[in-house]
Amino acid sequence: MKKIIIAIDGFSSCGKSTMAKDLAREIQYIYIDSGAMYRAVTLYCLRHRLFLPDGGVDTSSLEKEMNRIRISFQLNPETHCPETFLNGENVEQAIRTMEVSNKVSPVSAIPFVRAALVAAQQEMGKEKGIVMDGRDIGTTVFPHAELKIFVTASPEIRAQRRYEELKAKGQNVNYNDILENVKQRDYIDQHRETSPLRKADDAIMLDNSHMSIKEQKEWLLQQYHHTTQEQ
Ligand code: DC
């Protein structure tokens, strides 16, 4: 069957990656979490002290160091889930902390960071057969993707989901801090100048506030079958 590109965009913590990962596994496509790439650059900035006291980024130093940042994904043979590597080190856990979540928006608003990561993402999708999730996949990275989904859910439901996810990982987190972070990131993601978060005109909208993971999975699989039958 002809392979396609599936772009899944939407707000933070709305279950995009769970949906995307499940679909990719089911149809044997490559799954790329583009948010993990912005998180990896943020982790690099934290480790190399590239944040300024006012919370901004030392962009001139980061620009010089950008070509030293190598991000890749490798499939974990036990979980069969792709994990993120930064310059050869597995950073899958390190990029999911609240510290990284709190700093990632200013990093992902920097045009040269976006240009570098978008180019890397486009390269990964050259052969198609890929499911990629993020904020600008259907608008900027793959504007010609055959299937585009835009996912949304209320901020409170998204904060609750992230709270439960972090708690399950043993992190000591506070629901209100997470809700604040979700709202702040929504605002920054939608209002940045380069590739703001928005629904592509030809994307299908999915509000999954009241859907189970199983229902989302089935819905997405239906969209995939529908699109590939039309090809
Ligand atoms: O999906 P996530 O929460 O792990 O993404 C982390 C951040 O990266 C998010 O605040 C916005 C940014 N991001 C982006 O700007 N463009 C993408 N394609 C993916 C993520």
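Can you confirm whether segment 111-131 contains a residue that is within 14 Å of ILE8 (Cα to Cα) and either at pLDDT below 95 or among the aliphatic types (A, V, I, L, M) (or both)?
Among the residues of segment 111-131, at least one is within 14 Å of ILE8 (Cα to Cα) and either at pLDDT below 95 or among the aliphatic types (A, V, I, L, M) (or both), which makes the answer yes.
Note down all Cβ pairs under 7 Å where the first residue falls in segment 105-122 and is closer than 17 Å to ASP58 by Cβ and away from the ligand (no atom under 11 Å from the Cβ), the second is acidic (Asp, Glu) and assigned to a helix (DSSP H, G or I), and they're at least six residues apart or on different chains.
Filtered contacts from segment 105-122: PHE112/GLU63.
Look through ILE32, ILE4, ILE8, ILE71 and report the one residue that is touching a strand residue (DSSP E or B) at 6+ places or on another chain (Cβ under 7 Å), among the β-branched types (Val, Ile, Thr) and free of Cβ contacts under 8 Å to residues at least 60 places away in the same chain.
When all the criteria are applied, what remains is ILE71.
Being over 26 Å from SER209 (Cα atoms), acidic (Asp, Glu) and either within 16 Å of the ligand (Cβ to nearest atom) or surrounded by fewer than 22 Cβ atoms within 10 Å (Cβ to Cβ) (or both) is the requirement here; does GLU26 meet it?
no
Quick one: which of ILE137, ILE130 is within 12 Å of the ligand (Cβ to nearest atom) and touching a helix residue (DSSP H, G or I) at 6+ places or on another chain (Cβ under 9 Å)?
ILE137
Could you grab the pairs with beta carbons closer than 6 Å, sequence gap of 6+ or different chains, first residue in segment 192-219 and free of Cβ contacts under 8 Å to residues at least 60 places away in the same chain and closer than 19 Å to HIS144 by Cβ, second one surrounded by 15 or more Cβ atoms within 10 Å (Cβ to Cβ) and of a type in the set (A, V, I, L, M)?
Pairs that qualify, where the first residue is free of Cβ contacts under 8 Å to residues at least 60 places away in the same chain and closer than 19 Å to HIS144 by Cβ and the partner is surrounded by 15 or more Cβ atoms within 10 Å (Cβ to Cβ) and of a type in the set (A, V, I, L, M), are ILE204/ILE149.
Looking only at residues that are part of a helix (DSSP H, G or I) and modelled with pLDDT under 95 in segment 164-176, which one is surrounded by the fewest Cβ atoms within 10 Å (Cβ to Cβ)?
Top of the filtered list is ALA168.
The values are calculated or read from the model by the stated rules, or taken from the named source; none is laboratory data. Computed from a predicted structure; not experimentally measured. A quick note on method: Cβ atoms are made from the backbone with ideal geometry, for glycine too, and the neighbour counts reach across all protein chains shown.
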